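Q: Quick one: structure below, then a few questions.
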Amino acid sequence: SMAFNSTQAFKIARRLQHKNGVDTRTQNSEANTLTFKDGSYQIVECTGVSASTLVLPSPKDGSSFWVSNIASSAQSLNVNDHNGATKATLAAGESCLMVCDASVWYLIIKA
């Protein structure tokens, strides 16, 4: 495990605003592959007759995505890693935080 490279913390004296950081999308039983040009927050409504899939991009160390399958969704949402493995299945109204190191996506929390 690597340590941080500084003994002094980076301090933020203002609120954070993620410009263009929230993406909303409707998926109709299909798969959608993210890139790092997509927002860090993915708000998905699944309207199809079967589950939809959100595929994460190839890992870049320290990257993350928050993913929400909104409550009005008709189906579940599979969150898959770049190799196609399902890391989380979100029912309508559930969300998760996905993070990665340089090679693997990890599910941190699902609620």
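Each reported figure results from applying straightforward, stated rules to the coordinates on display, with no laboratory input. Here the structure is a predicted model, which means the values were calculated and not measured. Using ideal geometry, Cβ is built from the backbone for each residue, glycine included, and neighbour counts are taken over all protein chains shown.
Q: Tell me which residues come under 5 Å, amide H to amide H, from Thr53 once H is placed; ignore anything under 5 positions away on its chain.
A: Placed amide hydrogens put Glu30, Ala31, Asn32, Asn78 under 5 Å from Thr53.
Q: Take each of the peptides 95-104, 28-37, 50-59, average the number of other beta-carbon atoms within 10 Å over its residues, and list them starting from the highest.
A: By packing density, highest mean first, the sequence is 50-59, 95-104, 28-37.
Q: Among the lysines, select those whose C-alpha is under 17 Å from the C-alpha of Lys37, and discard any that sit fewer than 8 residues away in the same chain.
A: Lys19, Lys60
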